[in-house]
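All remarks here apply to the structure that follows.
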Amino acid sequence: MSSLPNVLILVMDTARAQSLSCYGYERATSPNLDALAADSVLYEQAIAPGCWSLPSQMSLLTGLFPAKHGAHELHLSYPHHYPTMPEVLRETGYTTFGISPNS
């Protein structure tokens, strides 16, 4: 059995912190996220490196700015020559998987 800590990256496109109760919204809009946040690292300040999903998500997965990883408005695909976080985690002993409706 592995002693590695669990890692979950949850990306929710178009979700706004101002509408989630775990970020202080007065109504209980996100009870399941609240429960997860209570036992997790909850980032209270973050800046997206891109103005839409593709470059922002590739930056999250590579740690690089869009101009470096190449997934931005001029290029709609990732060039695959930079390692991604799931690849690095897998190489260090994690079992990884992803679920997405996007390609």
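The values are calculated or read from the model by the stated rules, or taken from the named source; none is laboratory data. Here the structure is a predicted model, which means the values were calculated and not measured. Cβ: placed from backbone, ideal geometry, glycine included. Neighbour counts: every protein chain shown.
Checking the structure you have, find out if any residue of segment 91-100 is exposed (fewer than 10 other Cβ atoms within 10 Å of the Cβ), on the phi > 0 side of the Ramachandran plot, part of a loop (DSSP other than H, G, I, E, B) and not acidic (D, E).
The initial filter retains those residues of segment 91-100 that are exposed (fewer than 10 other Cβ atoms within 10 Å of the Cβ), namely 92-93, 95, 97-100.
Next, from what is left, pick out any that are on the phi > 0 side of the Ramachandran plot: 93.
Narrowing further to those that are part of a loop (DSSP other than H, G, I, E, B): 93.
Those still in the list that are not acidic (D, E) too: 93.
The answer is yes, given that some residue of segment 91-100 is exposed (fewer than 10 other Cβ atoms within 10 Å of the Cβ), on the phi > 0 side of the Ramachandran plot, part of a loop (DSSP other than H, G, I, E, B) and not acidic (D, E).
Do the conditions hold for C51, that is, is it over 18 Å from V7 (Cβ atoms) and either part of a loop (DSSP other than H, G, I, E, B) or of a type in the set (S, T, Y) (or both)?
Working: over 18 Å from V7 (Cβ atoms): yes; either part of a loop (DSSP other than H, G, I, E, B) or of a type in the set (S, T, Y) (or both): yes.
For C51, the condition - over 18 Å from V7 (Cβ atoms) and either part of a loop (DSSP other than H, G, I, E, B) or of a type in the set (S, T, Y) (or both) - is met.
Tell me yes or no: at least one residue of segment 63-75 is in contact (Cβ under 8 Å) with a residue 60 or more places away in the chain and not assigned by TED's automatic domain parsing to the domain that holds S3.
Within segment 63-75, not a single residue is in contact (Cβ under 8 Å) with a residue 60 or more places away in the chain and not assigned by TED's automatic domain parsing to the domain that holds S3.
Where residues in segment 1-49 are hydroxyl-bearing (S, T, Y) and under 30 Å from T92 (Cα atoms), which of them is modelled with the lowest pLDDT?
Checking each candidate, the answer is S2.
Identify, please: which residue in segment 25-42 is within 13 Å of L10 (Cα to Cα) and exposed (fewer than 11 other Cβ atoms within 10 Å of the Cβ) and is, among those, nearest to the chain's Cα centre (by Cα)?
V41
What residue, among those in segment 64-76 that are exposed (fewer than 14 other Cβ atoms within 10 Å of the Cβ) and not in a helix (DSSP H, G or I), is modelled with the highest pLDDT?
Ranking the candidates gives F65 first.
Looking for something in a helix (DSSP H, G or I) and more than 17 Å from the chain's Cα centre (by Cα) - is there at least one such residue anywhere in segment 5-20?
Yes, some residue in segment 5-20 is in a helix (DSSP H, G or I) and more than 17 Å from the chain's Cα centre (by Cα).
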